[in-house]
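Derivation of every value follows stated rules applied to the coordinates shown; laboratory data play no part. Since this is a predicted model, take the numbers as computed values, not measurements. Backbone-built Cβ (ideal geometry, glycine too); neighbour counts: all protein chains shown.
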Amino acid sequence: MFMFLTVAGLIASPVRAEITAKQTEVMKQLLAQYQEKAIEEAKNKKSKAAQSQTSFTVVAGREFYLQRRSWQENDFTCSGCHTEDPRKEGKHIETKKPIKPLAPSVNPERFTEVKKVEKNFTEHCYDLHDRDCRAYEKANFLTYLMSVK
Ligand code: HEC
């Protein structure tokens, strides 16, 4: 019985709630970049929302992740492909291909290269909005993902 509980315990907790030093470094660098850009966007009155968004929160990032966007007869949310829990494996809504979890706490391959993240981010934002996301949106989203343990 004791053995069984031990094994069940191991199986029940495959989540490695830990973000590597490398991921922390890359995400901090990205956040600093976005912060700078967000201030610039606020100054240039890039959009109404951008004017007031120069500090970032987990709540706003979570909202961004779940926000429904209608575009080209499709109805997208980030969570549509990446699931409502970014620690879980996602599934592409069109190709049905599996997508490895986004949360850095369970996937050590995420957020390990500034350039790659930026490229992915921009591509996805274009997929969903036909524009790149504002710096404040990216910063909120990263703040949220860093908080997911
Ligand atoms: C139509 C499906 C789909 C939607 C919608 C989608 N993604 Fe993705 N996302 C993917 C796929 C596919 C990948 C790449 C899979 C991989 O690298 O394993 C990916 C990868 C990413 C990565 C990769 C990070 C890294 O460095 O590895 C980030 C960040 C990301 N998505 C953020 C978002 C955000 C934010 C949204 C909402 C604005 C979003 N995604 C919406 C399918 C989607």
Using +1 at the C-beta of Lys and Arg and -1 at the C-beta of Asp and Glu, which of 128, 144, 67 has the Cα lying farthest in the positive direction of the dipole of region 21-147?
144
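Beta carbons within 10 angstrom, averaged per residue: use that to sort the peptides 119-126, 132-139, highest first. Write down the numbers at each step before the final one.
Working: 119-126: 14.0, 132-139: 22.9.
The packing order, highest mean first, is 132-139, 119-126.
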Going by average Cβ density within 10 Å per residue, which order do the peptides 81-89, 95-103 take, highest to lowest?
81-89, 95-103
Once the Cα atoms of region 60-146 are picked out, what are the Rg and Dmax in Å?
12.3, 35
To the nearest 20 debye, region 21-147 has a Cα-centred charge dipole, built from +1 on Lys and Arg Cβ and -1 on Asp and Glu Cβ, of 160
